[in-house]
Amino acid sequence: MPAGDPQRVWFPEMIDDLKTNWSSSMKWEELAIFCRRMTEKRIQIRQSRGIKSPKIRCSKCGKVSRSDNIGISIRSALFVLKNSGVVSGEEFKTLDKDWKTFKKKNNLNPYGNKTDS
């Protein structure tokens, strides 16, 4: 993908930040805060480079518009850790399973925030 691709979620400097800040002892709450910071960083990167949000099509009416800047999920961070070689495939599977369990037990959304229900 080119560096200016609006579909890009993780820019190289964000991946570097994740690699630098990642620790296997990191708590899920800490990773959620980190992902929020990365969401803000992505917004700043896109603004500074003039990259518009990706276009989406409404499934109900078919209208095409720019998407909101949705957050970076914890699971997205886990995939980046795996794909960049920071954690092994087995470590990823364990982390992914642990995150799903923690998320369900604490009634959290994919970004680590409490859900309404």
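The three principal axes of the Cα atoms in the stretch 12-105 give end-to-end lengths of 42, 32, 22 Å, sorted in falling order.
Applying 1/(1 + (r/R0)^6) with R0 = 30 Å to the Cβ-Cβ distance of residue 65 and residue 114, what FRET efficiency is obtained, to the nearest 0.05? So the FRET efficiency works out to roughly 0.55.
Helix content alone sets the calculated 222 nm mean residue ellipticity of the chain: runs of n ≥ 4 DSSP H residues at -39500 (n - 2.57) each, divided across all residues, give -16500 deg cm²/dmol.
With a simple spin-label model that places each label point 7 Å from the Cα along the Cα-to-Cβ direction, the separation between residue 33 and residue 107 comes to 2.3 nm.
In this Cβ point-charge picture (+1 for Lys and Arg, -1 for Asp and Glu), the stretch 12-105 has a dipole of about 720 debye about its Cα centre.
Shape summary of the stretch 46-100, radius of gyration then Dmax from alpha carbon positions: 16.2, 43 Å.
Placing pseudo-labels 7 Å out from each Cα toward the beta carbon at residue 25 and residue 79 gives an inter-label distance of 3.0 nm. Each Cα pair under 8 Å and six or more residues apart adds its sequence gap; the mean of these over the residue count of the stretch 12-105 is a relative contact order of 26 percent. Annotation: the residues 35, 58, sorted from fewest to most other C-beta atoms within 10 Å of their own C-beta, follow the order 58, 35.
A short reminder: the numbers here are calculations on the coordinates, not readings from a lab. The structure displayed is predicted, hence computed values, not measured ones. Positions of Cβ are backbone-derived with ideal geometry, glycine not excepted, and every protein chain shown enters the neighbour counts.
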